[in-house]
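Trainee: Sharing a structure here in structure tokens format.
The values are calculated or read from the model by the stated rules, or taken from the named source; none is laboratory data. Bear in mind that the values here come from a model prediction, so they are computed numbers and not experimental data. A quick note on method: Cβ atoms are made from the backbone with ideal geometry, for glycine too, and the neighbour counts reach across all protein chains shown.
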Amino acid sequence: MNLDDHDDHDFRTASLATDQLNGDFREQLVSAMLLAIQYWQQATFKSKLDLAMESGIWTANQDGSTLVTRTLDKYLRLSTLPKRPHTEEVFRTLHYVLNHCDKHSALREQLESLTDKLIIAHHQLSLLS
């Protein structure tokens, strides 16, 4: 193996690691958003639409006579998560929910833990790019 082959191998290995970390990060983003909405509903007895409107982070659009949260909804399934998700909105949502809900529960503990993991993963990804 010559030096160029070694560099290509290192690049491919680093690229695969970055792809795996990015894939895990995307899954965690979706899981965190779902968990945040579950915890919000449990702690406040309010809807996803209420979260969007009260936080001001997500927009609600009129669909006929109903308000819908199309953009927020894209962050609730891996298949609809944008290729370049707006992670700032996700982090703002997680912190909003944690700061506005004080019900102690297993959901809150899971959300706090996942939020911490996401912050670390986001930092690691930013170092790689």
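Trainee: Looking only at the stretch 46-78, filter to residues that are in a loop (DSSP other than H, G, I, E, B) and of a type in the set (S, T, N, Q); which one of those is nearest to G23 (Cα to Cα)?
Mentor: So the first thing to find is which residues in the stretch 46-78 are in a loop (DSSP other than H, G, I, E, B), and the list is 46-47, 56-60, 64-65, 69, 75-78.
Still in the running and of a type in the set (S, T, N, Q): 47, 59, 65, 69.
Numbers: S47: 29, T59: 26, S65: 37, T69: 25 Å.
Per the criteria, the residue is T69.
Trainee: Report yes if some residue within the stretch 93-106 is closer than 19 Å to I120 by Cα and surrounded by fewer than 16 Cβ atoms within 10 Å (Cβ to Cβ); otherwise report no.
Mentor: yes
Trainee: Looking at L81 and the list (1) assigned to a helix (DSSP H, G or I); (2) aliphatic (A, V, I, L, M); (3) modelled with pLDDT of 95 or more, which single condition is not satisfied?
Mentor: Among (1) assigned to a helix (DSSP H, G or I); (2) aliphatic (A, V, I, L, M); (3) modelled with pLDDT of 95 or more, L81 violates only (1).
Trainee: Taking the stretch 55-69 as the region of interest, how many residues are under 21 Å from H95 (Cα atoms), free of Cβ contacts under 8 Å to residues at least 40 places away in the same chain and surrounded by 13 or more Cβ atoms within 10 Å (Cβ to Cβ)? Break it down stepwise before answering.
Mentor: Our first condition is that a residue be under 21 Å from H95 (Cα atoms); within the stretch 55-69, this holds for 55-60, 69.
Keeping just the survivors that are free of Cβ contacts under 8 Å to residues at least 40 places away in the same chain gives 56-60, 69.
Going one step further and asking which of them are surrounded by 13 or more Cβ atoms within 10 Å (Cβ to Cβ), we end up with 57-60, 69.
Number satisfying all stated conditions: 5.
Trainee: Evaluate the following for T87: is it more than 23 Å from A43 (Cα to Cα) and surrounded by 14 or more Cβ atoms within 10 Å (Cβ to Cβ)?
Mentor: Numbers: more than 23 Å from A43 (Cα to Cα): yes; surrounded by 14 or more Cβ atoms within 10 Å (Cβ to Cβ): yes.
Spelling it out, T87 is indeed more than 23 Å from A43 (Cα to Cα) and surrounded by 14 or more Cβ atoms within 10 Å (Cβ to Cβ).
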